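The values are calculated or read from the model by the stated rules, or taken from the named source; none is laboratory data. Keep in mind that this is a model prediction, so the values were computed, not measured. Counting neighbours? That spans all protein chains shown, and the Cβs are built from the backbone with ideal geometry, glycine included. Calculation scope for accessible area: heavy atoms of the full protein, side chains included, ligands and nucleic acids excluded. Shrake-Rupley method; radii C 1.70, N 1.55, O 1.52, S 1.80 Å.
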Amino acid sequence: MKSIKRKLVKVNEQTGDYAEVDKVRLKRETHELMNFIQTNIAQSKDKYGVWTSLVPLCRAVLAETISLPVPFFELPLRYESREGLLDADFDELLCGFTLTISGTAREILDEVVIDGVRYMYADFEE
């Protein structure tokens, strides 16, 4: 069972997203996404470039070689997801991964200002 801890997280003033991500959740979601890709998307029939755009990003997350959070507009497959072109199960996994890796809040919790800096509470997995 997942353990959740509420944490005070700095807000990126330019984007309004969290300035840090839940790394435990991100790794879990990355594993789930990679398992789906490896099981359901053949490299030879990958018409949206999942293997060339998303898989390297997932591998960087798992190797902890990527700077987090990744801005939403730099993430792959945004158009395909928005237009409903992706398999529904894959899109559901991708959307969760996208929210987590970009530091996007899933729900709006209390905002706190400390010395002029905005923070928000977020639920992080342990």
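Across Leu85, Leu94, Leu77, mean-square fluctuation computed from a Gaussian network of the chain (C-alpha pairs under 10 Å connected) peaks at Leu85.
Counting lysine pairs in the chain whose alpha carbons fall under 23 angstrom apart, excluding pairs fewer than 8 residues apart on the same chain, gives 8.
Taking every full run of DSSP H in the chain, the ones that stretch at least 20 Å from end to end by Cα along their long axis and average 0.5 or higher on the Kyte-Doolittle scale are 88-102. When nucleic acids and ligands are ignored and a 1.4 Å probe is applied, Glu29 ends up with an accessible area of around 20 Å². Counting charges near Val61 (Lys, Arg +1; Asp, Glu -1) among other residues having Cβ under 10 Å from its Cβ returns a value of +1. The local environment of Arg118, defined by Cβ-Cβ distances under 10 Å, has a net charge of -1 under the rule Lys, Arg +1 and Asp, Glu -1.
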